[in-house]
Each structure stands twice: as structure tokens, then as C-alpha cells.
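Inspection log for the structure reproduced underneath, given as C-alpha cells.
Rule-based calculations on the coordinates, nothing more; no lab input. Being a predicted model, the structure only gives us computed values, none of them experimental. Cβ atoms come from the backbone with ideal geometry, glycine included; neighbour counts cover every protein chain shown.
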Amino acid sequence: MCTVYIFLVFIQIDITFGQTDPCASYSTLDNVKRSAGYTLDLDNDIAISDDRLDPGWYRIVSVAGEEMPTAAPGTFRCGSWYPIWLNGTLPTDINSEVSQPVCIQTFLNECQPTWNIDIRRCSGDFLVYNLLSSQLTKSAYCFGTEVKCPDGEYSETGYSPGCSSDVPPETFVSLVQAELAEGAILNANLGPSLEPVFKCSFTEVSGQNYVYDVYWFINDQSVVTHRRLEFSNIGQALLRPNDWVGNYHMNMVVKCAIRARLDANSVPGPYFYSDLFEAGVKPENYNYQIEEGQEIAIPFRSSVPVGCIGSSDVIMKQCTHTLKVSQPEYQNSPAETCTTNIEPQSLAFETQDCGVTLSTTSWNDPVYLNLTGYVDNIYNSFDRTGNIRIKTGANSVTDLSGVWNTVNIPDIQVVVSDHDSAMTSRTCSTWNDPRYQTSDGLSFGYHGCGEFILYRHKKYPYWVHTLTTSCWQGSCNCGIAIRSHDSLFVIRTCDVIATEFYASGRYYPSISYSVCDNKHMVIEKISYGYKVTLPIGTEISIHVSGSWIPSISLKPSVLDIEQSEGLCGFVSQTRDTSDDLVPRGSSTPISSTTEFAKSWRVTPNSDEELFSPLPSFSSEDLYLKEYCICASEAGHTDDINDFTSVQCNLTTPMIQCKNTRTPIADRLYQECHQTRRKRDTSNLREKVVKRSALDDDDIVKEISLTYDSSYDPDYLPPDPVWRNGWSEASARQECTNGLSQMPALALCQMYGHLVLSDYIESCIEDVKIAGSTEFLQYTIWLMEDTCKFEIYRNETLFNSTSGSDGTSILQMIQNQLCPSNCSNHGYCNRTECVCNDSYIGSDCSTSISEAPREIIVPDNGLCRTKSRSCKKTNIYGVFHTPVIYCKFQHFIISEEGKQISGSVNVRPAVFSYDNMISCEFPESSRKRRSTNEGAEGYNIHLSYDQINYGDSVTVIIFDEECFACNVSTLTCVELETCPSDTGTHDDKESKSSMTAIIAVIISIVVFVTIVSMLVLMKWKMAKDKKRRRNSNQSNHSIFAETGVHNRNCPPCATGLTPQYRKDNSDLSIAWTERTASPVDLFKAKS
């Protein structure tokens, strides 16, 4: 029985808590036409019909009154044909509730039909009604009895009672103005705070002592009213933040109204409304159109000031509020993205904050959002639309009024039209013996030798230099250096620059990448070479073949227009070869290609050199305008600050898809150029250097570039003559047939703007110089590069399909652009060969059984244990696949000579790039010998299949303080300088490990002790602070009389007199400083 009773109690509690208080939850009715005194205007009014009224509790908000009439008002009253009136009484006591009948008055009956409604008088002395839908159309509940005052008469509400014509006769013109007004004093040192307010201004009537009512409206909603103010006190009628913040947002419409009274006891006259005041910030326009790369400044003007935590001049200058920028996306990105290593976007902003900043001291001055049409490096099919959304970030720490916490600004739409298409069919190239073609299409031959400036940007620090030396009957490219800011990528296949004799190239190229910032360039491995993308979208394709660089192609971007110089020529607004041959230091083109080319030669040992061991870059080139890509928009729960500054510090209005090092760049990585320069102090032609300070085994042998003693910068080889049975006719026939074998020729002619005849003429010249067709394949590589540049930028090819399988035209062309058609040993997948199991290489031409040969190791195979860890060695050669195996045969060198020891060990190599791998040494099969008993080493062979091994290299590991070793003779000579040491390597390693463990333990103990002391001190300080707070002995404010406490600033740094604060717990001194940040001051006070 008790259980049942408790259960019923719980039911009752649940029912009670489930009910809603009608005094707190109700709808409102505010139509004054429901007054019993209002007569329906049949010509102009639409009758109220409560048969469509939603049942529920309602509060009446009307100047006509809130009480239902208790007598029939008559038909056509209450804004309807048939009024509904209360046939009963209203509740009089607070929180009392009654149920009373209501009646509909019709033409035939005053109370027919009828039903009951609930009525409650709430705390606050207002009524709520539980209304039901009416049972008759064109019938309406009546509320109030007052009527509108007659024309020329006025009252407090504009309705009876109290209507009077005894009011001031003047007309008033009111005006809303925004200004700063003093608020609370947050800190005595800062002065009163300032908050944005609105003032309703009007002119006082001379000779009259009128009093005034001031009404404030936001978005046509009444906000606050100030009544019966004398004109001298009209400053009390301000609209302050506390009146509206939290209910309305900036970029709202503010309006005020004035009503004048003869005196405080008379009725007010008519309303005199101000014009609408748009409060907030807005741009000059909401629609703009620009081209890619074009810069515009969008002005924003604020009509409302920014508040401040103080009113002193110093603090006001630091009070600001920043509105953040985001770019919501309303359109889909293209199917293919990053084909040119540039992300698809619409706009770039010239700012570090991704926003506009308003200031307290200059809030009414325009601020500008500088933006640039984003360069996407694509020939766009359609215009792109960028949408700019301005919104508030974190709440201001200097304006605590909350006025600027939320801002509603419509999106600004910027249409970006394509400009990249101006680069169609514009590629700069140098190839074979070498020949040149400028970006605008002017072809010429120049066979001078040395370092040349192929391309240089006038605005940005981007340089491309080539290196040419003599070969065959002409000259050949044997180097390329690409500079981006203070990062440098170099490929060199020759060590000597000569003019009058054949300068043989290196067996494998010297490749280095000194990187100072991952965003400086993107390096990718391609078939037979590398592709580099600069931050402005300019692309460089490099092909390396044996000892030479047969082709280099450079595809300019729209940011190169009228900004490029060098052998690639001047990039005009439109393709124009007449201004290409502009020599260095001039702005006027010349006709002589020889003089033009000679002017762009780099003088040996000059500051312009990029192939020297110590290239120097001007610091003036490294500081450029910076951009932000504010592409992401924060969600409801995200911190906007995380979304509006993620892509800043860009030096160009574009962003590369890969902002970290690519795998090949990571393998080529060397320390930043400036760091290397400090270390490279040797003048030796050959030297061994470490690529990284973190890995002392990662060494390379650097051979400095030299110029032969007979080098003549003005020397040009004699004009070639036909030889080996060749003639122009036979060469033309062979070149036409050979170049026509390019698999993608037809598609590249159709979509890549390839002109076959241009390359046939070049091929004929190559045959004449070489006396053979050995350059023909390189010309095909050049044609393929030119085609790739064009199709990768043509957006129409991304989505256009060919055939029933849905393959895009882009992919169809890519599948025909693999090198050598994959030698019929694999298939082509988007320009990359997928080889059959038995073949390797970028063109699948090498059998996996063909082991690497002609390999070498750095430092002649000598590994000195005092300067290196000797845990691995780099090996150089030509490697066709990343999968390589190292076979080790261990040996020792003693007084008896070389002795083979242990078994053969095979381990996988670590692939760096096509010309360098590293092999990690296995643990020795014997107990390691004492450091002064001899040396050890390995014979290393390489294989692709672990069956067939090629040539071997030898590495000797020894202590250079004790021995001098020679790899050629496999002998070591003991030195007299060798210290006495009977311990073994294992003993030393054990001792070293023990020392390291002890050091770690000591470090941990010291760390724990320091942390414990800091915690104890913090607890003690908190305890003392609490005791002082309770003591009331003296003023312990963090703000001293003449300054502000700043723990980090001693008096010697500020020039201020130190002030001492008595402290019961210790002898600490509280230094004060007047120049502390105002934000810090306020935070400290609060």
C-alpha cells in the first residue's frame, strides 16, 4: 500500500512539473483594431477572423487596453463583423485564475454562440487569456475600449483617454548620431572607459521651456523610451549598449523620435521621427569583377565607433577590433585539381589578419580590404566567383561593450575572370646543342659556353640559370640552377666549362637542394628528370640523360607578364616576338641573337653565380608583399581564428598544392643555403660535405665547377657542315618520320597547340651538328613537355570525355605520353609507365637482372670513426628502381693484410633518388676489435633481384687518430699519434650507454626538483596573497600610484624610478612601469 502511495505521489510530481506556466509562456496579440471602440472600415479594412486563431495562452499588448469588454460592443466593432465579448468578470487577485463564458454578438443575438475561456492575472499585474478558435467566421475577440485620438489631438498613447490639442506647435527635426560616451571606470590609471552610443539630436526652441520624450527604435522595434527630460538633460536620452546588445546585431537600422510637452504635466505632441541610421560597417559595393592577378582595394566605412577600456590618448590608440574574412564556397571545384601544382581558389588577400581592423581613434575613416584575383594557373572555361563573408572573430579585449561582438554583413561577390589563357602556347625551351625558343615563340641557336640567365623575374626572387660546355661539334647544356628566395635546387652533369675541346660529363649528375622553406618550390620526379614549380606557378621541366641535360622547358605563368627577362625573353601581354631580344640592362630589343645571348652570360666568380659553392643572395630580395588565402569558413562550434589565418605568409596570390617537401625533395634535402655558406670555407676543388647536421654519415663528394684555362667567353664553334653521308633532304625525311612516331602527336596537335614543323626544322639542325639522329629522341621529349604544359592547364579537357568508358580527354592524352611507349614492356597510366615484373626504369627498358654497375662511394670509401658514426654509406650511380639490395662481405685489415671474416649479409638499400642510395652496415660477425688493433670494412655489391649482382665498392672503417688507410691497396698504417687503449668498441659503447643513462637520470631528478620548488613557491605566494587581501593593511593593487607593476621590466630598462612594495613573505620588489600594454593593464586589474 505504501508503495502504491509513493508511486502516485511521483505521478503527481511529474504532472505538476510537466505543466507550463502561462504567465511565462504565451503568445501576444497587439492589434489596436480589436478595441471595442474601433469600428470596421468596410472599404479599407480586412475583417479579423479568429476562426483561424491558434488555440493557446495570449497576452494582449495594445494601447487600446488589455481587458475584454464585459458588454456587447455592437456589430462591426473590434475590427470584425461579429465581436466576441466577456459575459463574466475578470480576475482581480494576482495569480488568480477564472473560467468565464464569452459570447459572439451577431445581427440577431448578442450572445450566440458561447463558450468558456480561462483568464489569469499574472505577477506584474497583467492578464493572459486561454483563447479557443472562434466558432464563426468574421468574428474576433475584443480587447480594450480606447480609441485613437481625433486629428490634432494627442495623448500619452495616442488613444483615449486624455486626448488634448494643448501641445507645442513647433516642428522638430531629429537626427541620429553615433559617438563615444564615457562609461564605467574599469581602472583608475586608464580613465573612464568609452562605449559606442547613439544620440538623438535636435534644436532647442528658443524662449521655451519644453520638456521632451525621446523614443528609440531598432529595426522598427521599440527599444527604450526616455520621458519628460528638459533640454539641458537630453544627454541622458542616449541609446547605450546595455539597451540593445544581445537582442540586435551590428549593421542594424536605428531610428529615434521626439515628442515635445509644454511642461512635465501636459500631454506630448506628435512624433517627429529621424531618418533611418544604418549602424555598422559596410563595403562601398557588394559586387566586383576583376581578372586573375588584378589587385583592388575594397573600402569599408564604419558608422559606429569602437569602444575602449580607457580614455587616455595612449590607451585609445591601442583599442581596435578586427572583423575576420572567410570565403564560403557555393560552386563545385573542377574534377581535376592541382594539375599544375596550384590549388583551386578564387581570391587572395593582402593582409596578415585575413580581415579589416577598426580603430577607436579613427573609426570614421575608411579601411581597406586589399584583394587580388587568385591565379589558379588554369585556362578556365568559365568565370570563377569568390564570396567574401565578413564576421567577427573573438570578442574584443579592448571594447567590452559587446557592440561589435556580432556583425551581419551580406556576402560580397567578386567575379574573377580568367587571365591564364594569355599563356596559351607560350613555352620557353632550351634543348640539344643547344637551341632556344623564347616564351613568345622566337627560335634561335647560340652555342656559347658558360653560365647563362635563362629566366629571371623582375619582382620576385626567382632565377633559372643554365650551364653550357663544349661537346661534339657544338655545345651542350650540362647544368640548371633554380633559385626561389634563399632556397636553391641545382643539377649539374659537368665539372669543367670549356670552349675549344670536348668536355666529358659526369657519369651521374650532382644534384642538391638547399631548402630554407618548404613553400619556396615544389620538386617532383618525372620520367628522365624533374619538374619544379615556383610559387608564382611558373613550371620548369628538366630531362637528364647520362652526362647531359638534353632539354629544359619553362612554362611561364600570368604573373610573368611584363616581369620576366633573360634568354626566355620578355613575356608580353599578348604573344609578340618583336620585344623578346631585350639585352641585359636595356629596355629596347635588338636584332642580334648573339649579342642578346652574350648579354645574359654570368661572369665567373660574380655575385650572380648559382653554380658556385657559395652563392650569395641579396637580402633585399627576401622581403615581399604577403598574401592570405582565407578559404575556409568556420562552423557554429569552430573557433573562427583557426579558419581565417591558415594560409597566410604567401608571397604570391596563389598557393601550391604541396606545402611540404615532396618525397623526392625530402631525399634531396640539404641544409638551408645560408647555413651551408657558414660551413663551406674550404677552397679545395674536391671536398666531402655533410648534407645534414643530424646525420654525419649522410655525406657527399662535391666537386666544384671550374673553368678551363683556355675558356673564352666569346668563342663560338664554327658553323657545322653535313657529314656522315647526311644531307638536308635525308635529314628532313628522317626527322619527319621519327618525330611522327610520337604516340600522342595527333592529340597534342589538336589540344596542345603543337606545331610539328617547328620541331622538324630544329631536328634537321641537330642532325647537321651531330652527324646522326641521336638528338631525335630528346626532341620528342621536348614536344611531350610542351604538350603536357598545355593540356594540364586546359580546364575544358578535365571534364570532356571521349568514348563510352567515361575517360576524360586529359587522361586519354596522358595515356599516350609515357616515355618510349614503355618499351613494350608495360602499360601507360597517366604519363607514368607501369612495368611488367621483369622490367624496371621510367620507360621499362631495363631488365631486372641487369645489376647496377659503375657505382662509387664518397670520400674514396674511407669512413673515419672520429668524424662519422660509420653505420652506413651513400652509394652513387644510376638506379632504375627504388627496390635495391646491398650485399656485404666483411673483412678486417691487420698487419697480415686483408682478411675476409664472417658470412655474406644482404640488406635492402634506402633509395634517395635515381643517382643515390644508402646501405646500412650489418653488425659485425665477430666481437669488434679494439680501436688500435686495425681496421675493418666491407665489399658491397648491388642487385635489383637478389640474384644478379654488379660491380663492387669498398668501404674501410677505421680510427683516423690511429691509422692512415688506402682503399686502393687495402692497407692501413698505424700512426704514432694513436692513444693507448686496451678497451674494445663494445666496452666503449657499454660505457657510453651507461654514461648516457646516468645523465638522463640526473636530468630527471633535477627537473622534478625544479617543478616541485615552483609548485611550492606558487602555493606559498597564493597563501600570502590571500592573507594580505584579508588584512586591509595597505593598498595592494597591482596598479601603483605612478605606474603599473610589470615583473618583466627592471627599472634600468624603463628609466623609471623603482617603487618598493612591502611584502610580509619575502623581500621582493614590485617594479612599476608606465608603458605597459593597456590590454595587460586591464586584464591585470580584472
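The shape of the range 858-978 can be summarised by an equivalent ellipsoid whose semi-axes, obtained from the alpha carbon gyration tensor, come to 27, 15, 12 Å from longest to shortest.
Note down, for the range 78-182, the three equivalent ellipsoid semi-axes (square root of 5 times each alpha carbon gyration tensor eigenvalue), biggest first, whole angstrom.
Whole-Å semi-axes of the equivalent ellipsoid: 38, 22, 14.
Filter the cross-link list Lys255/Lys391; Lys531/Lys701; Lys199/Lys317; Lys282/Lys555; Lys866/Lys898 down to pairs whose alpha-carbon distance in this structure exceeds 32 Å. Pairs exceeding the cut-off: Lys282/Lys555. Paramagnetic label reach from Trp115 (point 7 Å along Cα→Cβ; backbone nitrogen cut-off under 14 Å): within the range 44-75, residues 50-57.
Neighbour counts of C-beta atoms inside 10 Å place Thr39, Thr652 in the sequence Thr39, Thr652, starting with the fewest.
Go ahead and run the numbers for FRET between Val224 and Glu204, Cβ-Cβ distance against an R0 of 30 Å, rounding to 0.05.
Numbers: r = 22 Å, r/R0 = 0.74.
That pair, Val224 with Glu204, gives E of 0.85.
For the range 728-816, the average shadow cast by the Cα convex hull is 5.7 nm², which is a quarter of the hull's surface.
Taking neighbour counts of Cβ atoms within 10 Å as a proxy for exposure, in what order, fewest first, do Cys428, Cys763 appear? Mind dumping the intermediate values first?
On the way: Cys428 29, Cys763 24.
By the 10 Å Cβ count, ascending, the order reads Cys763, Cys428.
Please report, in debye to the nearest 20, how large the charge dipole of the range 728-816 is about its Cα centre when each Lys and Arg carries +1 at its beta carbon and each Asp and Glu carries -1 there. Walk me through the intermediate numbers first.
Details: 4 positive and 12 negative charges, 36 e Å.
The calculated dipole for the range 728-816 is roughly 180 debye.
Sorted largest first, the principal axis extents computed over the alpha-carbon atoms of the range 690-844 equal 64, 59, 35 Å.
Alpha-carbon geometry of the range 21-141: the Rg and the Dmax are 13.6, 43 Å, given in that order.
Under 13 Å of direct C-alpha separation, and excluding same-chain neighbours fewer than eight residues apart, Lys871 reaches these aspartates and glutamates: Asp695, Asp696, Asp697, Asp698, Glu920, Glu923, Glu936.
Note on the range 281-419: the alpha carbon radius of gyration divided by the globular reference 2.2 N^0.38 Å gives 1.21.
Could you tell me the distance between the Cα centroids of the range 128-171 and the range 407-471, to the nearest Å? Their Cα centres are 79 Å away from one another. What is the local net charge at Glu500, summed over the other residues whose Cβ is closer than 9 Å to its Cβ (Lys, Arg +1; Asp, Glu -1)? Its environment carries a net charge of -2.
Across all Cα atoms of the range 803-885, the radius of gyration (one decimal) and Dmax (whole number) stand at 19.3, 67 Å. Shown here: the range 211-362, whose C-alpha atoms stretch 80, 39, 26 Å along the first, second and third principal axes, sorted largest to smallest. Sorted from greatest to least, the principal axis extents spanned by the alpha carbons of the range 391-534 come out as 81, 32, 29 Å. A simple spin-label model places the labels of Tyr827 and Tyr286 5.4 nm from each other, with each point 7 Å out along Cα-to-Cβ.
Sparsely packed loop sites in the range 233-278 (the chymotrypsin sites (Phe, Trp or Tyr not before Pro) outside DSSP H, G, I, E and B with at most 16 other Cβ atoms within 10 Å) comprise Tyr271.
Note on Thr1009/Arg864: beta-carbon distance plugged into 1/(1 + (r/R0)^6) with R0 of 41 Å gives a FRET efficiency of 0.50. Ranked for footprinting exposure by Cβ neighbours inside 10 Å, fewest first, Val904, Val883 give Val904, Val883. Near Val224, once Lys and Arg are set to +1 and Asp and Glu to -1 for all other residues with Cβ below 10 Å from its Cβ, the sum equals 0.
Once you list every other residue whose beta carbon is under 10 Å from the beta carbon of Lys598, what net charge do they have if Lys and Arg are +1 and Asp and Glu are -1? Combined, the nearby Lys, Arg, Asp and Glu give 0.
Could you state, as a whole-number percent, how many of the C-alpha pairs of the range 419-479 are farther apart than 18 Å? All intermediate terms of the calculation are to be shown ahead of the outcome.
Details: 792 of 1830 pairs.
Here the long-distance tail beyond 18 Å is 43 percent of all Cα pairs in the range 419-479.
Each Cα pair under 8 Å and six or more residues apart adds its sequence gap; the mean of these over the residue count of the range 281-419 is a relative contact order of 37 percent. Here the label points at Leu716 and Ser123, each 7 Å from Cα along the C-beta direction, are separated by 10.3 nm in the simple model. When Rg and Dmax are taken over the Cα atoms of the range 175-279, they come to 14.9, 47 Å.
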